[in-house]
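A quick write-up on the structure given underneath.
The values are calculated or read from the model by the stated rules, or taken from the named source; none is laboratory data. Everything quoted here is computed from the prediction, not taken from an experiment. Note that we place each Cβ from the backbone using ideal geometry, even for glycine, and neighbour counts take in every protein chain shown.
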């Protein structure tokens, strides 16, 4: 995971966009050198997040950052526009030839720290078709930093997500950033989504990676590549390599 520094327009933006681009490019190169299979780019530094549509300045900045990474790295690239702007994510992905997007709430409703968020699966699917974009949709089920509506089961949510929601793969995570999902939750999610790929979206580190990869199809690694788990820090080459060694 490449956590972008605060972007233009966000409360903590430093005013130095070149530094934002430099750190993104350096983190990308570090992860590739460590042996990661792909990259995902997200505007983690922009908190507090908009629940849905982000401003045009954010879209422009993320497109620029993704383009810089694309000039030197050909590995699979994903886009996640926090908190849940799947329309912008799909647009950026199509523009920079990214392979996938992550959508926190693709279908249904989740109660998040930004308030209730409603999925826009119909719009995302139609935009992808209109763009002719070969971009996969990786969708969270019971996403972190959120709770589902009362009475909604994991099986129901997964069925809607992978059926009428149009997800190409599913992401399971713990309750918050850096928190691991339980093995019971992972197994229940895997059973609920059938043959679709399952990725784990939080709590992956050098200690847990091997066991998690035995239970899932892929891992999304973020804070564990940073010293002390500090999201604002640069990716540490040794921490990143340690995770790759754990699953090799």
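For the reader, a short list of remarks on this structure follows.
- Some residue of region 10-31 being surrounded by 15 or more Cβ atoms within 10 Å (Cβ to Cβ) and part of a loop (DSSP other than H, G, I, E, B): yes
- Residues of region 59-108 satisfying the condition of being buried (at least 21 other Cβ atoms within 10 Å of the Cβ) and assigned to a loop (DSSP other than H, G, I, E, B): 81, 82, 83, 84, 85, 98, 104, 105, 106, 107
- From the options 174, 203, 165, 228, residue that is in contact with a helix residue (DSSP H, G or I) (Cβ under 9 Å, 6 or more places away or on another chain), without any contact (Cβ under 8 Å) to a residue 60 or more places away in the chain and surrounded by fewer than 21 Cβ atoms within 10 Å (Cβ to Cβ): 174
- In region 186-196 there is no residue that is out of contact with any strand residue (DSSP E or B) (no Cβ under 8 Å at 6 or more places or on another chain), free of Cβ contacts under 8 Å to residues at least 60 places away in the same chain, closer than 20 Å to residue 247 by Cα and surrounded by 17 or more Cβ atoms within 10 Å (Cβ to Cβ).
- Sole residue being at pLDDT 95 or above, under 15 Å from the mean Cα position of the chain (by Cα) and crowded, with 20+ Cβ neighbours inside 10 Å, chosen from 46, 37: 46
- Residue match in region 196-205 (condition: more than 14 Å from residue 181 (Cβ to Cβ) and either at pLDDT below 95 or within 16 Å of the chain's Cα centre (by Cα) (or both)): yes
- Residues that are more than 21 Å from residue 44 (Cβ to Cβ) and not in a loop (DSSP other than H, G, I, E, B), drawn from region 213-248: 213, 214, 215, 238, 241, 242, 244, 245, 246, 247
- Subset tally (residues that are surrounded by fewer than 19 Cβ atoms within 10 Å (Cβ to Cβ), assigned to a strand (DSSP E or B) and either at positive phi or touching a strand residue (DSSP E or B) at 6+ places or on another chain (Cβ under 7 Å) (or both)) for region 109-135: 5
- Contacts under 6 angstrom Cβ, first residue in region 124-137 being more than 19 Å from residue 161 (Cβ to Cβ), partner modelled with pLDDT of 95 or more and surrounded by 19 or more Cβ atoms within 10 Å (Cβ to Cβ), 6 or more apart: 131/94; 133/94
- Residues of region 36-77 satisfying the condition of being in contact with a helix residue (DSSP H, G or I) (Cβ under 6 Å, 6 or more places away or on another chain) and touching a residue at least 60 places away in the same chain (Cβ under 8 Å): 65, 69
- Filter result for residue 151 (more than 19 Å from the chain's Cα centre (by Cα), surrounded by fewer than 21 Cβ atoms within 10 Å (Cβ to Cβ), free of Cβ contacts under 8 Å to residues at least 24 places away in the same chain and under 23 Å from residue 43 (Cβ atoms)): no
- Failed condition for residue 248, given (1) touching a residue at least 40 places away in the same chain (Cβ under 8 Å); (2) out of contact with any helix residue (DSSP H, G or I) (no Cβ under 9 Å at 6 or more places or on another chain); (3) under 23 Å from residue 103 (Cβ atoms); (4) surrounded by fewer than 20 Cβ atoms within 10 Å (Cβ to Cβ): (3)
- Test: residue in region 238-245 that is surrounded by 15 or more Cβ atoms within 10 Å (Cβ to Cβ) and under 17 Å from the mean Cα position of the chain (by Cα): no
- Scope region 206-217; condition touching a residue at least 40 places away in the same chain (Cβ under 8 Å) and out of contact with any strand residue (DSSP E or B) (no Cβ under 6 Å at 6 or more places or on another chain); matching residues: 206
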